[in-house]
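The values are calculated or read from the model by the stated rules, or taken from the named source; none is laboratory data. Keep in mind that this is a model prediction, so the values were computed, not measured. For neighbour counting, all protein chains shown are included, and Cβ atoms are generated from backbone atoms with ideal geometry for every residue, glycine included.
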Amino acid sequence: MSDLTALLETLRPQLMRYARLQLRNEAWAEDAVSETLLAALEKPEAFQGRAQPKTYVIGILKHKLVDQVRRHARECSLTPEDESEGAAFEDQLFSETGHFRDAPADWGDPQAVCNQSQFIKVLD
């Protein structure tokens with residue numbers, strides 16, 4: 001076992017604690033720490049010794065935490081309760097055949113709207 005591997009094993013509990021505090025989600029914290037450890041192991045030559053190894057690994061973790069927050073800000077996760085509510089909402093909108101129960105309002109002819117002089121003036 002290399003020195004780096006041994007160091008990362010000893011730092012893992014501290015990294016998990018920090019990630020949990022920042023993300024407040026056990027699964028996200030575990031993902032961020034795993035990605036951090038993987039990044040440190042894949043490129044050990046990236047550590048140039050300008051800081052303590054712990055500081056270096058925590059720096060990687062901070063970037064991984066930001067990545068996690070960004071990733072999950074774009075995603076929407078559903079709980080089983082959300083899914084059952086969504087199914088009830090879907091049943092209200094659609095019939096058993098998959099068609100709208102009440103047809104959406106007619107939007108008119110978009111081409112005709114584009115030809116109206118008032119629309120052209122506003123567009124210009």
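To keep it simple, each residue is scored yes or no on (1) modelled with pLDDT of 80 or more; (2) surrounded by 13 or more Cβ atoms within 10 Å (Cβ to Cβ); (3) touching a helix residue (DSSP H, G or I) at 6+ places or on another chain (Cβ under 7 Å); (4) part of a helix (DSSP H, G or I).
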{"site": "Leu4", "(1), (2), (3), (4)": "no, yes, yes, yes"}
{"site": "Arg20", "(1), (2), (3), (4)": "yes, yes, yes, yes"}
{"site": "Val33", "(1), (2), (3), (4)": "yes, yes, yes, yes"}
{"site": "Ala51", "(1), (2), (3), (4)": "no, no, no, no"}
{"site": "Val57", "(1), (2), (3), (4)": "yes, yes, yes, yes"}
{"site": "Val66", "(1), (2), (3), (4)": "yes, no, no, yes"}
{"site": "Glu83", "(1), (2), (3), (4)": "no, no, no, yes"}
{"site": "Asp106", "(1), (2), (3), (4)": "yes, no, no, no"}
{"site": "Val113", "(1), (2), (3), (4)": "no, no, yes, yes"}
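Assess whether Thr97 counts as being loosely packed, with under 10 Cβ neighbours inside 10 Å, modelled with pLDDT of 80 or more and either within 30 Å of Leu23 (Cα to Cα) or among the hydroxyl-bearing types (Ser, Thr, Tyr) (or both).
Numbers: loosely packed, with under 10 Cβ neighbours inside 10 Å: yes; modelled with pLDDT of 80 or more: yes; either within 30 Å of Leu23 (Cα to Cα) or among the hydroxyl-bearing types (Ser, Thr, Tyr) (or both): yes.
Taking the combined requirement at face value, the residue satisfies it.
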For Arg24, indicate whether it is of a type in the set (Lys, Arg), loosely packed, with under 11 Cβ neighbours inside 10 Å and either modelled with pLDDT under 90 or in contact with a Cys (Cβ under 6 Å, 6 or more places away or on another chain) (or both). no
